[in-house]
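Please treat every number below as a calculation from the coordinates, not as lab data. All of these numbers come straight from a predicted model, not from anything done at the bench. In this analysis, Cβ positions are derived from the backbone assuming ideal geometry, glycine residues included, and neighbour counts consider all displayed protein chains.
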Amino acid sequence: MEKLYSLTAHELKEKIDKSSLSPSGILDSLFERIASVDKKIKAFVYLNKNASSGIEKNRSGKLYGIPILIKDNICVKGEETTCASRILAGFKPPYDATVIKRLKAEGAVLIGKANMDEFAFGSSCETSCYGPTRNPWDAERIPGGSSGGSAAAVASDQTILALGSDTGGSIRQPASLCGVVGLKPTYGRVSRYGLIAFASSLDQIGPITKDVTDAALVMNVISGYDEMDSTCVDMPVPDYTKSLVKDVKGLRVGVPKEYFIEGIDSEVEASIRRSIDVLRDLGAKIVDITLPHTQYAVSTYYIVAPAEASSNLARFDGVQYGFRVQDAKDLIDMYIKTRSKGFGNEAKRRILLGTYSLSTGYYDAYYLKAQKVRTKIKEDFDNAFKLCDIIVTPTTPTPAFRIGEKTKDPLSMYLSDIFTISANLAGLPAISIPCGFSKDSLPIGLHILARPFDEETLFRAAYTFEQNTDHHKRKPAL
Amino acid sequence: MQIDKKTVTKVALLSRLELDEKETELYSTQLAAILSYIDKLNEIDTKEVLPTSHVLPNLKNVFRKDSLKSSLDVSDVLSNAPSKEGDLFKVPQVIEGK
Amino acid sequence: MTSKYETVIGLEVHLQLETETKAFCGCSTEFGKRPNSHTCPVCLGFPGALPVLNEKAFLYSIKVALALNCKIQDIIKFDRKNYYYPDLPKNFQISQFDMPLSYDGFVDVISAGGTSKRVHIKRVHLEEDAGKLMHPAKSSFSLVDFNRAGMPLLEVVTEPDINSPEEAYDYLTALKAILQYLRVSDCDMEKGSLRCDANISIRKAGEKELGVKVEVKNMNSFRWVREALHYETGRQIALAEASERIVQETRLWDAEKLVTISMRSKEEAHDYRYFPEPDLVPFIIDRKIVEDIRKALPELPEARANRFIKEHGLSEYDARVLTGQIDLADYFEECAGEYANKKTLTNWINGDIAAEMNARSVNILELGIKPKDLVGLLKMIDGQSISGKTAKDVLVEMIDTKKRADEIVSSKGLSQISDKDKIEEVVREVLAKNERSVNDYKGGKKTAITFLVGQVMKQTQGKANPAMVNEILKKHLGE
C-alpha cells in the first residue's frame, strides 16, 4: 500500500482529480503518521483533529483536499495562535490572515499549527516556549529556525505542505537543514495581513514543501495584491507552474566570491560547488560576481530587525489579549510583570537591542546608519543582476548543529544567518533546495536568489536542478 | 564597546521589562558583544547615502477609499480579554496623563 | 499684573476629521455608540493587523493646511511614536515626525479691539487618535473603549507667537471658524473633536530668550483655555518674583479648583523613539491635486467678512460676528437676498435671534426659522402690520410653534392698529382719565408723555402704532 503521507501535493492532486482518492483518506494516512512520529520530532503545537470538517464540498479549488500545516505566527480564525510564546497563551484571533483565506478558498485542509522560535526570533527552533523541534535526520540536532516545525513536519512526511515566514532566512535555513524546499517570495509579493509581525520591512510568508512543483502550487494561491496590506504590490500573479520547465541554457548564474569564506563547512562548500557544476553542465553560464557589502549584512540586520520588532512587540502587554499577571499593583507593574514573565530570553534580548538602537542619542548611529548600509547592500544586488540572472550561494555555513550548541552565544547563532539575510534586506525572492548530504547524512541546501518579482526564473532554475538530481527524493529514516 | 548596567536598566524600563541582577549582568555582556560586532558598520562611509525604509522603490501612495466596512462583533473584540467589564476592557488603575 | 513680564504661548490643537471611516481602517467614526462596537483588528492593534491610509483624511488634511496658508511637502511619510498607555492599542501611535504634511503657515487673528495679529503655524500633520480611558470613581481599575482609536486627527501647532490668554482665545475662535467653513470637522470641544494643549512660559519684557516652558493640558473649552493660561501666567510670575525656579513639566487644569496641578509622573523622560512606519509607504504629493484643492477652497471667514463690509455695507464688528460661524453667515446671505435693509437684518440676527440661540443653547439651524420666514416678519414691520415690539414676541412664537409670522399675527389678532380714528378714540379716553399727567405735561414735565403713551399701549394691548400714538397725543396736548 502506497504511503499517501509520503507523496507530494501534485501527486495527490492527480489522484484526487482522477477520483481514485478522497481527501479524508489522505488525512487518515497523515494522522497515523503524526501519531507515530511526532512524539520524537515535536513539530506540532496544535493538531486539528477535526481537520476533516474543513474539507470543502466544492472540489474545484487549486489545492482541494491537500493538507497544509501553518506556522504558529499566522492567524487562523478561532485557532490558538501563540507565536510559540507564553505571552500569547490562549489567544484565538477573530480573523483569518489573508493567506489563510486564500488557502481555504482553494480547498486546502488546515491540519494545525507548527512550532517555531518564539516570535520568529531564532535560527534553531530552540527559543519556543514549547521546547525545541527535532531535526528528522538526527533528533539530537536542530531543524533550523524560525520555521523549524514547518520544515521538520514536511521532511518527516507529517504534512504535505507547510507555510512558514522568513525575516532573515527563517524559511530557507530550516528547509536547507531538513532537506526540503523553502521559498521566500519577493517582499510585497504575498500579503502580510495576519502574519504576526517580527520586522515589518523584512517579513514574508512563503511555502515549505517536498519539491519545487509543490512550492509553485502554493505560490499560485497565496500570492497577489491585498487591499489590507499597504506593502503588498498590485502586480499580476503569473501561473508559476508554467515556469516548471527543465531549461537553464544560457541562464547566467552569478557566484559571489564573498560567500565562499572561511568558516563554511568543507562538505557544504563541496556540495555547493558540485551543484554549480551541475548547472554548468546543463548549459548555464557561470559568472563570477561580487557583493562587496556582504560582510555588513548581519550587522545591518541585527539593528533593523530588532528595532522594528521592539516596536511590533510593544502591543503584548496583557491589556486586550494573551497572558496577564494577576497580582499587579498598578498599571505599569502589570505591563512590566506581564512582559517579563511572558517573553523568553531571546525575545527580551531583541527587544532591549531594538529599543536601545532607536532611543534618543543612538538613532542616528544605529538605526539610521543601518538603513543606509541597507541601501548599499541593495545596490550590490542591482549591480550584480546586470551581469547575471540568478545568484547561487550556500544556504547555511554548516549542516544542522546540535541542540544547545549555540544557545549560550547569541552572536554565533546570529552569524549562522549570514547567507540568507541579504535577500530580506534587499527584498529579493530566494529559494533553498536540497543539493546534497554530509557524511553524517545531514542535508545541505542550495540557495538561489533572483531579481525582484522574478520568482519565475527562480522556479525554472530550481526545477531544472531538482529534476536533474535526486536529493529531494531521499527521506529520513523514521 | 561597553554598555553599562544603568543603561540596560533604563532601556528595560522603556521596554516595560524588569531584569534581576543576574539578567542585567548577562544582557549587558551579551548586548555589548552584539553592539561591538555591529560597530563594523562604521567602516562604511554613508554620508551621501539615503536610507532604505521601504525596499520597494516604486510603491507609493497606497490609499483606501473612505467607505464603511463591517466592524467586529463586540463579543469577538472582547473574546480574548484577560479582564473586562461589560463592553469594556478592564485594566489596573492609571494615573491620568501621559 | 506688571508689564515687566511677557507671556509666550504656543498652542497645539488636535482636530478629529469628519471622514466616514477611520484613518487606517474601515470602521465607522460615528460618535457615541456602544463601546468597542466600531473596532476591528486594525484599530484594535491585534497581532497581524496592518494600516492602510484613508484617502479622504489625506485630502482633508491638505485642505486644512492650505486654508491655514501652509506649504505642503513634496513627499510625506508616517512615523511611529512609541510609548505605553492602555488607550493606545499598539503602544505606538502612527503619526508624523520629521516630514509632516505641511509647515510654515499662519492665521491672522482679529481681536475684539479690532487689531490684527498674525499667528504663525509651525506645522499641520495627520495622525491617529487613541481610545478612551474611563476611571470609575473610588475604584482601583480603569476601563477602555477603543471606538475612538484610529480616528483621523489633524495636529495644528503654532509657533510661540501668542502673548496673552485673550489672544489664545481669539486664535482658537478664528481657527474654529476656518475649520467649520471647510466642513472637515465639527470642532466640538465637548464631543472631543477639538482638543487643545498649551505651552506657556514667561520672560522679562524685552528679553529674546524663551523662559522655561510648561505644558498645560485638560482644558476642555476655549474659556477654560483662557482661564487656565491666566492662572498659569500668574503662577509663573509669582515664582519669578520670588526668585524661585519654574520647573519644566506638564500641568493639568483643574476646572473645579481653578488651578493647574503638576502631574506627578515618573521621572522617565518621554523617549518616543520615532522611526519611519514600515507598514505604510511614502506619499508623493501631486501638485495638481493640491492646486485643485486650493481652487476649490470655500471663501474663508476673513474674506467673507471683508466682502460683507463692502457688499452689504456692514460694520466691521457686525461682519465679524456674522462670519464667525459659517451657518450664520449663510443664513444672513440668504436673508439678504430677499431683504434690502441689511442694517435692520443684521440687528435682528445679532440681536434677538442671537439671544434666542443663547437662551436655548442651539445654533441657527437648530433654531428652525427659515430665512424667508425671518424676512417675512421684517417685512410685516416695514409694512406697519405689526410694531417692532410685537415682532419680538412673534419671533419667539415662531420659534416655539414653527408657524409663520403672518399666521401667528392673524390667529392671535396681533395686528398693529394704524387706524387713525381708532387711536384718536383711545387717546381721548386716556387723556380724559389722566388729567394729572396732562397737566404735568402742559406744566413743562415733558416726560409725562411717556406715561400717557404707555396707557394708550396698555389699552390697545400693545398693538397701537407707537409713532402714530405719539403724533396724535402730541396733537391733542397742543404741540
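Residue C:445: which aspartates and glutamates have alpha carbons under 17 Å from its alpha carbon, excluding same-chain residues fewer than 8 sequence positions away?
The reachable aspartates and glutamates, counting only those whose Cα sits under 17 Å from residue C:445, are C:435, C:479.
Anything over 21 Å Cα to Cα? Flag those among C:217/C:257; C:122/C:213; A:372/B:40; B:84/C:138; A:369/B:40; A:77/C:132, in the order listed.
From the list (C:217/C:257; C:122/C:213; A:372/B:40; B:84/C:138; A:369/B:40; A:77/C:132), the Cα-Cα distance tops 21 Å for A:77/C:132.
Rg(Cα) of the stretch A:4-245 divided by 2.2 N^0.38 Å? Could you put the intermediate results ahead of the total?
On the way: Rg = 16.1 Å, N = 242, 2.2 N^0.38 = 17.7 Å.
Here the Cα radius of gyration is 0.91 times the empirical estimate.
Which of the three applies to the stretch A:144-263, rounded, prolate or oblate, going by the alpha-carbon gyration tensor with a ≥ b ≥ c and a/c under 1.5 meaning rounded?
Values: a/c = 1.26, a/b = 1.13, b/c = 1.11.
Cα axes put the stretch A:144-263 in the rounded bin.
Take the residue pairs C:77/C:288; A:184/C:81; C:71/C:295 and return only those whose Cα atoms are more than 21 Å apart.
Table pairs above 21 Å Cα-Cα are A:184/C:81.
Please find, in a Gaussian network model of chain B (springs between Cα atoms separated by less than 10 Å), the residue of B:62, B:74, B:49 whose mean-square fluctuation is greatest.
Checking each option, the largest mean-square fluctuation is seen for B:74.
In sequence order, what are the phi-derived ³J(HN,Hα) couplings for the stretch B:2-9 according to the Karplus relation 6.51 cos²θ - 1.76 cosθ + 1.60 with θ = phi - 60°, rounded to whole Hz, with x for glycine and proline?
Along the stretch B:2-9, the couplings run 9, 10, 6, 5, 5, 5, 4, 5 Hz.
For chain A, give the magnitude of the charge dipole about the Cα centre (Cβ charges: +1 Lys/Arg, -1 Asp/Glu; no others), in debye to the nearest 20.
In total the dipole reaches around 480 debye.
Around residue A:287, which amide H atoms from residues at least 5 apart in sequence, or from another chain, sit under 5 Å from its own amide H, with H modelled in the peptide plane?
Close amide H contacts, sequence-distant or interchain: A:253, A:254, A:255.
If amide H atoms are built 1.01 Å from N in the plane of the peptide, which residues on other chains or at least 5 residues away come under 5 Å of the amide H of residue C:464?
Under 5 Å from the amide H of residue C:464 lie the amide H atoms of C:417, each far enough along the sequence or on another chain.
Using a Cα-Cα cut-off of under 16 Å, which aspartates and glutamates could be cross-linked to residue A:249, ignoring same-chain neighbours fewer than 8 residues away?
In chain and number order, the partners are A:277, A:281, A:389, A:456, A:466.
Å³ per residue of the Cα convex hull, for the protein assembly as shown? Display every interim value, and only then the final one.
Details: hull volume 232.0 nm³, N = 1055.
Taking the convex hull of the Cα positions in the protein assembly as shown, it is 220 Å³ per residue.
Taking +1 at the Cβ of each Lys and Arg and -1 at the Cβ of each Asp and Glu, which of A:67, A:250, A:178 sits farthest along the dipole of the protein assembly as shown towards its positive end, judged by Cα position relative to the Cα centre?
A:67
Normalised radius of gyration for chain C, please: alpha carbon Rg relative to 2.2 N^0.38 Å, two decimal places.
1.28
Roughly what angle does helix B:21-38 make with the longest principal axis of chain B, taking Cα atoms, 0 to 90 degrees, to the nearest 10?
70 degrees
Amide H neighbours of residue C:106 under 5 Å, at least 5 residues apart or on other chains, H built in the peptide plane: list them.
C:69, C:70, C:121
Can you bin chain B into rounded, prolate or oblate? Criterion: square roots of the alpha carbon gyration tensor eigenvalues sorted a ≥ b ≥ c, rounded for a/c under 1.5, prolate for a/b above b/c, oblate for the rest.
Oblate is the answer for chain B, as a/c is 1.5 or above yet b/c matches or exceeds a/b.
Hey, which lysines would be in cross-link range of residue C:343, C-alpha to C-alpha under 21 Å, not counting anything within fewer than 8 residues on its own chain?
Candidates past the 8-residue exclusion: C:310, C:370, C:372, C:379, C:389, C:392.
Taking the simple approach of a point 7 Å from Cα along Cα-to-Cβ for both residue C:254 and residue A:439, what is their distance in nm?
About 8.0 nm, to one decimal.
Over the alpha-carbon set of the stretch A:16-56, work out the extent along each principal axis and list the three values in angstrom, largest first.
35, 17, 11
Using all Cα-Cα distances in chain A, what percent lands in each 10 angstrom bin from 0 up to the longest?
In whole percents, the pair-distance histogram is 4, 22, 33, 27, 11, 2, 0, 0.
Report, in listed order, any pair from A:257/A:378; B:69/C:33; A:13/A:39; A:210/A:376; A:92/B:90; A:71/B:22 with a Cα-Cα distance greater than 24 Å. Don't jump to the answer; show the numbers that get you there.
Numbers: A:257/A:378 17 Å; B:69/C:33 16 Å; A:13/A:39 29 Å; A:210/A:376 35 Å; A:92/B:90 19 Å; A:71/B:22 33 Å.
From A:257/A:378; B:69/C:33; A:13/A:39; A:210/A:376; A:92/B:90; A:71/B:22, over 24 Å: A:13/A:39; A:210/A:376; A:71/B:22.
Per residue, what volume in Å³ does the convex hull of the Cα atoms of the stretch C:28-131 enclose? Let's see the in-between values first.
Values: hull volume 15.8 nm³, N = 104.
Cα-based convex hull of the stretch C:28-131, divided per residue, equals 152 Å³.
Calculate the FRET efficiency for residue C:442 and residue C:303 from the Cβ-Cβ distance with a Förster distance of 51 Å, rounded to the nearest 0.05.
About 0.30, to the nearest 0.05.
Rounded to whole Hz and in sequence order, give me ³J(HN,Hα) for the stretch C:231-244 from the Karplus expression 6.51 cos²θ - 1.76 cosθ + 1.60, θ = phi - 60°, writing x for Gly and Pro.
Residue by residue, the stretch C:231-244 yields 4, 5, 4, x, 4, 5, 5, 4, 5, 5, 5, 8, 6, 9 Hz.
What shape does the stretch A:37-160 take by its C-alpha gyration tensor, where a ≥ b ≥ c are the square roots of the eigenvalues and a/c under 1.5 counts as rounded, a/b above b/c as prolate, and the rest as oblate?
oblate
How big is the C-alpha Rg of the stretch C:420-476 next to the rule-of-thumb value 2.2 N^0.38 Å, as a ratio?
Ratio of Cα Rg to 2.2 N^0.38 Å: 1.00.
Using the reciprocal of the averaged 1/r over all distinct C-alpha pairs, how large is the Kirkwood radius of the stretch C:170-272 in Å? All intermediate terms of the calculation are to be shown ahead of the outcome.
Numbers: mean 1/r = 0.0651 Å⁻¹.
Value: 15.4 Å, from the Cα pair sum.
Just to confirm the number: angle between the C-alpha axis of helix C:371-382 and the first principal axis of chain C, 0 to 90 degrees, nearest 10?
30 degrees
Can you compute 3J(HN,Hα) from phi for each residue in the stretch A:401-407, using the Karplus curve 6.51 cos²θ - 1.76 cosθ + 1.60 with θ = phi - 60°, rounded to whole Hz and x for Gly and Pro?
In residue order, the calculated couplings are 8, 7, 4, x, 5, 10, 5 Hz.
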